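Here is the structure we will look at, set down as structure tokens.
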Amino acid sequence: MARHIVARTSEIPAGGNKVFGLEGRDIVVFHVNGEFFALLNRCPHEGAPLEKAACVARLTSPEPGIYHRDRVGEMLRCPWHGWEFDIRNGQSWFDPNRFRIRSYPVAVESGAELQKGPYVAETFPVHIEDNYVIVEV
Amino acid sequence: MSDVIDRPMLDQEKTAATRLKIIDCDIHPSIHAHSDLNEFLPKRWQQHLKEYGSHLRTPYIGTTPYPRSSPLIARRDAWPPTGGVPGSDLDFMRKQHLDPFDVEFGILQVLDLFIFSQQNLEFGAAIQRAINDWQLAFWAHRDPRLKASILVGQDGSDLGLAEIERCAKTGEYIQINVSPRANEPLGRRRYWPIYERAQELDLPLGIHVGGYGGHAPTGGGWPSYYCEEHQSNAHTVASNLTSLVLEGVPERFPKLKIVFIEGGFGWIPATMWRMDQHFERFRSEVPHLKRRPSEYVKQHFWFTTQPIDEPDEARHLRQLIEWVGIDRLLFSSDYPHWDYDDARYAFKTPLTEAERRKIFNSNARAVYKF
């Protein structure tokens, strides 16, 4: 899998997302609770753009009348028909074996780490204090 | 097997999807602001709207009885970037829906101001007149693809008939819309003058689900959840279809065309089977029917496809389509509402090119005479 540096962490605000065209696909990177998640920007149902999805909590109920709310912001609710997916792995919440969104590994690395390696041809001043979001496709 | 969609949408797919021009029988325009209606609404009723607002035949005042899934029942991506509510910005509608889907004609279905549910019939009629004019001025005259319907409240049938006359003279409206939730089932004789006039004018009768007629929306009473209430759209259409057929409306008005909008179509086969079965046993109760109920359904009624049923196995959808009849179905998207159907992906069963052509275009072309 190829690694793509897509953004500085500061470019995707908390609770927000940004879409990147990577290898011919639109991939949406979400910033939720300090973490970054990358998914194909397309609901597997009818193709809705997931960049418009709501990041909601997981709501469970052991019996009618009793409700539990957890994993706040970590469930992706499709902007059209409301299908819910786990933002960590793209699995649907209602039928995880049959429906999932393609998800991609995401890493956050500092400028200093990215600057290392054998292919440094020329040196330029680098703001090594910055963190970068990297998506593997 | 996991239905992982991990491929980009290919250019050829886009081409295939848009090669066939689509007639979309259910597009919802919205009023940007009530003041947009002022030029069409007499001062007396502007004042009434401002001072009294809507009084509806429901037990809930000033709100909808159910939470409606998402604000204004809209897709989250359908809020215009320029502000305003989903469906209120023609340019954005063009960009998001009409142009990319190559919509040849789009039929407007107005739901604003609870147009059919106003308790004050004269106020309701004034709002209907204003919205009928607004449909032309703000939509159809600005984009020739968009087609308006004559909205009439059938419970004030003299007011409704006058409105039909007024609008029909313009030659610009393509159907007459009535409510599925009137005071009585739609087949009742009190509504026949509207059907008679629709037949004479050769305008299809459009019946879009929604609204509240004062009765509980299900035969079992008021539901607890939106999830539950949303199911009732299909029941409402089924009971009105049954009423229209069994009361003899198609028998009495053999050239009348009736289109049920947004009721889906999965329930139709069983409804026809059951009506036919009952007809065999009880035909002496309804001797005015000359044919089996299903024959009336297959000659006089059409159904828009959204919200499409999604059985676990695609072949079951295929069977449903065949049982209903490929010539009965008219594609609709319900743009910009949350249960919108995307023309490319909604039919999760193979259709031949000829079948696609019928459902997405030529059936509607024949019904509405485009």
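FYI, it's all coordinate maths here, none of it is from the lab. It should be emphasised that the depicted structure is a prediction, and the values quoted were computed from it without experimental measurement. Neighbour counts run over all protein chains shown; Cβ positions are idealised from the backbone, glycine included.
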Kindly check whether there is at least one residue in segment B:304-316 that is away from chain A (no Cβ under 14 Å) and buried (at least 16 other Cβ atoms within 10 Å of the Cβ).
yes
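Closer than 30 Å to residue B:339 by Cβ, more than 8 Å from chain B (Cβ to nearest Cβ) and either of a type outside the set (A, V, I, L, M) or over 12 Å from the mean Cα position of the chain (by Cα) (or both): is that true of residue A:36 in this structure? Don't jump to the end; show me each part of the working.
On the way: closer than 30 Å to residue B:339 by Cβ: no; more than 8 Å from chain B (Cβ to nearest Cβ): yes; either of a type outside the set (A, V, I, L, M) or over 12 Å from the mean Cα position of the chain (by Cα) (or both): yes.
Answer is no for this residue.
A quick yes/no check of all residues on (1) in contact with a strand residue (DSSP E or B) (Cβ under 7 Å, 6 or more places away or on another chain); (2) crowded, with 23+ Cβ neighbours inside 10 Å; (3) more than 18 Å from residue B:40 (Cα to Cα):
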{"site": "B:112", "(1), (2), (3)": "no, no, no"}
{"site": "B:115", "(1), (2), (3)": "yes, no, no"}
{"site": "B:138", "(1), (2), (3)": "no, no, no"}
{"site": "B:142", "(1), (2), (3)": "no, no, no"}
{"site": "B:146", "(1), (2), (3)": "yes, yes, yes"}
{"site": "B:151", "(1), (2), (3)": "yes, yes, no"}
Limited to segment B:113-132, what total is found for residues that are in contact with a helix residue (DSSP H, G or I) (Cβ under 7 Å, 6 or more places away or on another chain) and either more than 19 Å from residue B:159 (Cβ to Cβ) or of a type in the set (S, T, N, Q) (or both)?
3
Determine which single condition residue B:23 fails, assuming it passes every other condition in (1) outside any loop (DSSP other than H, G, I, E, B); (2) within 30 Å of residue B:216 (Cα to Cα).
(2)
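Can you pull out every residue in segment A:49-76 that is within 14 Å of another protein chain (Cβ to nearest Cβ) and either over 16 Å from residue B:78 (Cα atoms) or over 16 Å from the mean Cα position of the chain (by Cα) (or both)?
Our first condition is that a residue be within 14 Å of another protein chain (Cβ to nearest Cβ); within segment A:49-76, this holds for A:49-56, A:59, A:61, A:64-65, A:67, A:76.
Answer for segment A:49-76, where residues must be within 14 Å of another protein chain (Cβ to nearest Cβ) and either over 16 Å from residue B:78 (Cα atoms) or over 16 Å from the mean Cα position of the chain (by Cα) (or both): A:55, A:56, A:59, A:61, A:64, A:65, A:67, A:76.
Each row is one residue, and each column tells you yes or no for (1) more than 14 Å from chain A (Cβ to nearest Cβ); (2) among the hydrophobic types (A, V, I, L, M, F, W, C); (3) surrounded by 12 or more Cβ atoms within 10 Å (Cβ to Cβ).
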{"site": "B:43", "(1), (2), (3)": "yes, no, no"}
{"site": "B:50", "(1), (2), (3)": "yes, no, no"}
{"site": "B:57", "(1), (2), (3)": "yes, no, yes"}
{"site": "B:68", "(1), (2), (3)": "no, no, yes"}
{"site": "B:72", "(1), (2), (3)": "no, yes, yes"}
{"site": "B:77", "(1), (2), (3)": "no, no, yes"}
I'd like the residue in segment A:16-48 that is assigned to a loop (DSSP other than H, G, I, E, B) and without any contact (Cβ under 8 Å) to a residue 40 or more places away in the chain and, out of all such residues, is surrounded by the fewest Cβ atoms within 10 Å (Cβ to Cβ).
A:34
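Go through segment B:84-110 and give me each residue that's in contact with a Ser or Thr (Cβ under 9 Å, 6 or more places away or on another chain), crowded, with 17+ Cβ neighbours inside 10 Å and farther than 17 Å from residue B:147 by Cα. Even if it seems obvious, please write down each step before you answer.
First, the residues of segment B:84-110 that are in contact with a Ser or Thr (Cβ under 9 Å, 6 or more places away or on another chain): B:84-89, B:91-92, B:97, B:100-103, B:106-110.
Subsequent filtering for residues that are crowded, with 17+ Cβ neighbours inside 10 Å retains B:85-89, B:92, B:97, B:101, B:103, B:106-110.
Passing the criteria: B:85, B:86, B:92.
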Could you check, for segment A:2-9, whether at least one of its residues is more than 12 Å from chain B (Cβ to nearest Cβ) and either under 10 Å from the mean Cα position of the chain (by Cα) or free of Cβ contacts under 8 Å to residues at least 24 places away in the same chain (or both)?
no
For segment B:324-347, state whether one or more residues are more than 14 Å from every other protein chain (Cβ to nearest Cβ), out of contact with any Lys or Arg (no Cβ under 8 Å at 6 or more places or on another chain) and surrounded by fewer than 23 Cβ atoms within 10 Å (Cβ to Cβ).
yes
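Can you give me the number of residues within segment B:241-272 that are under 30 Å from residue B:312 (Cβ atoms) and in contact with a strand residue (DSSP E or B) (Cβ under 7 Å, 6 or more places away or on another chain)?
Here the count works out to 8.
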